[in-house]
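Reviewing the structure listed below.
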Amino acid sequence: MADVEALVAALTLEEKAALTAGADMFSLVGVDRVGIPQVNVTDGPSGARGLSYPGAGGAASSCLPCGSAVGATWDPAVAEALGELVGREAFERGCRGLLAPTVNLHRHPFAGRNFECYSEDPLLSGKLAAAYVRGVQGNGVFATVKHFVANEAEFERMTMSSDVDDRALRELYLVPFELAVKEGGALGIMTSYNRLNGSWLTEQQALLVDLLRDEWGFEGLVMTDWFAVASTETSLRSGLDLEMPAPARALGAVVGEAVADGRVPEADLDAAVARLLHALDRIGALDEPTPPLVPKPPTAADVDLLRRAAADACVLFTNDGLLPIEPTAVPRVAVIGEPAVSACIVGGGSAQVVQHPQTSALDALTTALGDGVEVTYARALEIGRSAAVLGTSVLPAPDGFTFERFAGEAFEGEVVERGGLDELRKMVIRLGQPEGEDERWTMRITGTVVPAVTGRFQLSLAQVGTSRVYLDDELVLDGVEDPPPRGGTDFFGYASLDKVTEVEVTAGTPIAVRVDYFYRGSGMAGVRVGFRTADADALLAEAVATAAEADVAVVFVGTNQEWESEGHDRRDFSLPRGQDDLVRRVLAANPRTAVVVNAASPVDLPWVDDVPATLQCWFGGQELGPAIADVLTGAAEPGGRLPTTYPERVEHSPSHDNFPGENGHVRYGEGVFLGYRGFDHRAVTPRFPFGHGLGYTTFSLGEPELSSPTFEPGGTLTISVPITNTGSRAGAEVVQLYVAPGSARLARPPKELKAFAKVRLAPGESRTVELVLDDRAFAYWDPGEPDGDVVAERLGDMLGAQQRAERRAPGWQVDPGTYALLVGRSAGDLPAQLTVEIPEPS
């Protein structure tokens, strides 16, 4: 361990100030003179990207199941194993910090980053986050828990004020962070962009110091989100340690100047630097140089983990016996839908990684069913918000594309970057260019597309900068002379709208593609060429005919990274691009239809009661295709349970009236009645309750037993639950325990999840699960009465002694009385009930 205090004392003012801001986009400042190395950090929640980025090139990384998929596993052991994998890959990519996990709650189905987050429930989120953090940090990489706090929407995310009452903060939104710190030992916290109750998170000492460090015992570093607001005068004193990325705006050299002229006490700077260095020392980063960049492909064990995790996340909504598919009973299987060949495995934005090659669900299912089953496929619909990227699906580029970026303006001279692309989308991140400096360069992308089908397509161009697209040396899209306007969603929202033309292609006839790109600016750069089928009705008709000729049809529907993304929220509860109509038409043509939903947040399922079987697979990571095949054929159990409530109508969501915000504020008006708590409180039956999920076997829960009929505050209570696999297959069940207060001084949810355990049992096997409760299982946050003194002063003796005595300081409160303990398989299926008494204090 390093002597951090001696290090701080040895630093000059300029060196200390420099340490409080990034060195570049993903690096912290090092000070070679005293042996402080440069430390690199990397996104993120779905994999350790390192220096790579989709469309910008670089080494591939393992893509984990998304946050909501991990939430659906209800399995901290899986989360910890995934954390270990991503922590190891971060280190291999030269990084000592991982910008994950994301633990904000699923407040509304439309929130753009729900896919990154685990659950609507704080206990489930926190237990998974703590496990993930332990896995990451076991590899000498600090985990950064984000976004602190109340960051549950993307609308105006850089400025919005989340207005949240103290009870909701303490009982819901802070809990995942608390568990990640207390149980996971997290060494990094990232503040969110938004304001909380009108103030920037980077200026809230009550949270960053009083709560995080003094109350929770946090011993790590606190950093900003990228380009978030910080204050030179107040942020260090408020508990902020690091502003990211470079160039510094409020800290770094700027705060050094503020110390020199007396606006910021040097002691505040010393304290921030010490906190940062202590965190780096805890992972050994001060004793070793930055690890070398030696990215390795995932091992066979890693691939197996990713495949098992994706299957463990799959939630079987309904099943009348159609699943699993028995190959000997179904000679012909029709697979319908674009996600069957190009399923979305991760949402949009900073969570994306450069992906390893994948096996599609179609190919995996065809292999799993074997030679005795004829598998046919129809694409049916193109579900993207914008056109599919050229080089994928039915317009593939077998050898990919190559690009050359030139320093000059005429595609000649020095080549500053050269590489390959699997698809025709290229991004160059140029953030940090000096303001007003007009950089100029060009880029040429070339490749050959070999159409798999004959037909007419709409070709589209989206760009940041200007470009021209040529097919067989003929100019077909000119974004230089006639550029499309801004307003697209690609390239973090910097892209133009699509410029479109129509082209005719012939199956098997190669097409030479060339893009000439011109950069004139000082920020993001990018170009994407995409396509859509011109005759969508023909695709739909083909899908219906294909389904009608099969014994079983499997329809894949869903969203993708354009619909569920950092930077914007969804606006529609329905599946995009007419997919509900597709399901109904296929079902009419073939009543033996199963539906696979490839979406990471709740979507409307108006047909679900009519379909024999429906499976939710989320954005399941790079092994999603094989995992889906495993579940559909019964090689794996659909082990998932819902981490978030599926409403029948989006208007039923408790937060709907206050989402996503207006006039710069989003009011968390539902208070503590978030998710299933709010559905229970308002007696609204959801389409599928929190915790729901079927399997291929059956389980029996025995009579639970209590370790004591009473609970004494400060102690623990153990509930023992016998469980038996009564079916003929191995499987998993999640035993869930909810606590329901009999009465309370303040309004409380009817019940809340307070313990759970995932159990895997062989046929006929039994086990007893022990669930342990402590004070917090029965407590609520009493915000106190801050105006009590004012009231007493004005009313004086008019207040009775009893009323004065009932006033409390803020804190966790356990009321005496009778509590029900509800045990079962979901928030809507709790057949076992016990009661426990908490006696009056003596």
- Would you tell me the accessible area of TRP812, worked out with a 1.4 angstrom probe on the heavy atoms of the protein chains, in Å² to the nearest 10? 80
- In what sequence, highest mean first, do 384-390, 561-567 appear when ranked by Cβ atoms within 10 angstrom? 561-567, 384-390
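Considering only the other residues whose Cβ falls under 14 Å of the Cβ of VAL209, what net charge follows from Lys and Arg at +1 and Asp and Glu at -1?
Values: positive: ARG213, ARG237, ARG275; negative: GLU203, ASP210, ASP214, GLU215, GLU219, ASP241, ASP268.
Charge balance in the 14 Å sphere: -4.
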- Could you pull out every one of the aspartates and glutamates with an alpha carbon less than 14 Å from that of LYS754, ignoring same-chain neighbours closer than 8 positions? GLU120, ASP121, GLU171, GLU770, ASP774, ASP775
- Note on the structure: Sorted by accessible surface (1.4 Å probe, heavy atoms of the protein chains only), largest first, LEU674, LEU51, LEU362 come out as LEU51, LEU362, LEU674
- How much area per residue is accessible in region 335-383 when the probe is 1.4 Å and only protein heavy atoms are counted (Å²)? 34
- Task: Name the residues whose placed amide hydrogens come within less than 5 Å of the amide hydrogen of VAL769, ignoring near sequence neighbours (fewer than 5 apart) on the same chain.
- Result: VAL721, ILE723
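What is the local net charge at GLN736, summed over the other residues whose Cβ is closer than 15 Å to its Cβ (Lys, Arg +1; Asp, Glu -1)?
With Lys, Arg at +1 and Asp, Glu at -1, the neighbours total -1.
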- Message: So, taking all protein chains as they sit and a 1.4 Å probe, how much accessible area belongs to HIS356, in Å² rounded to tens?
- Response: 30
- Task: Taking 7 Å along the Cα-to-C-beta vector as the label spot, tell me the GLU414-ALA588 distance in nanometres, rounded to one decimal.
- Result: 6.4
- Lys and Arg at +1, Asp and Glu at -1: neighbours of TYR470 with Cβ under 13 Å from its Cβ sum to -2
- Whole-Å semi-axes of region 339-379's equivalent ellipsoid, largest first, each the root of 5 times a Cα gyration tensor eigenvalue? 27, 11, 6
- Out of the DSSP beta bridges found with both residues in region 121-243, what percent are antiparallel (nearest 5)? 15
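Suppose we keep just the DSSP beta bridges with both residues in region 23-149; what percent of those would be antiparallel, to 5? All intermediate terms of the calculation are to be shown ahead of the outcome.
Numbers: 3 of 8 bridges.
So the antiparallel bridges amount to about 40 percent of the total.
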- Task: Please give the contour-minus-distance gain from GLU374 to ALA452: 0.36 nm per residue of separation, less the Cα-Cα distance, rounded to one decimal in nm.
- Result: 26.1 nm
- Taking a label point 7 Å from the Cα of ASP774 along the Cα→Cβ vector, which residues of region 812-840 have an amide N closer than 14 Å to it? none
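Per residue, how much accessible surface does region 526-682 expose to a 1.4 Å probe? Answer in Å², no decimals.
Values: 4840 Å² over 157 residues.
Value for region 526-682: 31 Å² per residue.
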- Message: Tell me the accessible surface of ARG440 in square angstrom (1.4 angstrom probe, heavy atoms of protein chains only), to the nearest ten.
- Response: 110
- Query: Using a 1.4 angstrom probe with every protein chain in place, what is the largest-first accessible-area order of LYS16, LYS296?
  - Reply: LYS296, LYS16
- Which entries in LYS182/LYS751; LYS16/LYS127; LYS296/LYS426; LYS16/LYS146; LYS146/LYS499 show an alpha-carbon gap greater than 27 Å? LYS16/LYS127; LYS146/LYS499
- In nm, the gap between the two label points placed 7 Å beyond Cα toward Cβ at HIS665 and ASP261 is 3.5
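Short version: what are the Cα gyration tensor semi-axes of the chain, square root of 5 times each eigenvalue, largest first, in whole Å? Mind dumping the intermediate values first?
On the way: eigenvalues 370, 294, 111 Å².
After scaling each eigenvalue by five and taking roots: 43, 38, 24 Å.
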- Take ASP657, project a point 7 Å from its Cα along the Cβ direction, then tell me which residues of region 677-697 have their backbone nitrogen under 18 Å from it. 677-685
- the chain: antiparallel DSSP beta bridges as a percent of all, rounded to 5: 70
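Taking the Cα centre of region 224-275 as origin and charging only Cβ (+1 Lys, Arg; -1 Asp, Glu), how large is the dipole, in debye to the nearest 20?
Charge dipole, region 224-275, about its Cα centre: 80 debye, nearest 20.
Compare the peptides 35-46, 634-645 by average per-residue count of other Cβ atoms within 10 angstrom and give them in order, highest first.
Working: 35-46: 23.2, 634-645: 25.6.
My ranking of the peptides, most packed first, is 634-645, 35-46.
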- Message: Under the rule of at least 5 residues apart or a separate chain, name every residue whose amide H is placed under 5 Å from the amide H of HIS147.
- Response: VAL103, ASN104
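Would you please give the FRET efficiency between ASP166 and ARG440, computed as 1/(1 + (r/R0)^6) with r the Cβ-Cβ distance and R0 = 51 Å, to the nearest 0.05?
Computed FRET efficiency for ASP166 and ARG440: 0.40.
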- Query: Which FRET efficiency, nearest 0.05, do ASP572 and SER707 yield, Cβ-Cβ r, R0 45 Å?
  - Reply: 0.35
- By average C-beta atoms within 10 angstrom, highest first, the peptides 546-553, 114-121: 114-121, 546-553
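Could you tell me what a quarter of the Cα convex hull surface of region 387-430 works out to, in nm² with one decimal place? Display every interim value, and only then the final one.
Values: hull surface 16.4 nm².
For region 387-430, averaging the hull's shadow over all directions gives 4.1 nm².
The values are calculated or read from the model by the stated rules, or taken from the named source; none is laboratory data. All figures in this text were calculated on a predicted structure; none of them were measured in a lab. With ideal geometry, Cβ positions are generated from the backbone for all residues, glycine too; neighbour counts draw on all protein chains shown. Just so you know, the surface numbers come from the protein's heavy atoms only, side chains and all, with ligands and any DNA or RNA stripped out. Shrake-Rupley method; radii C 1.70, N 1.55, O 1.52, S 1.80 Å.
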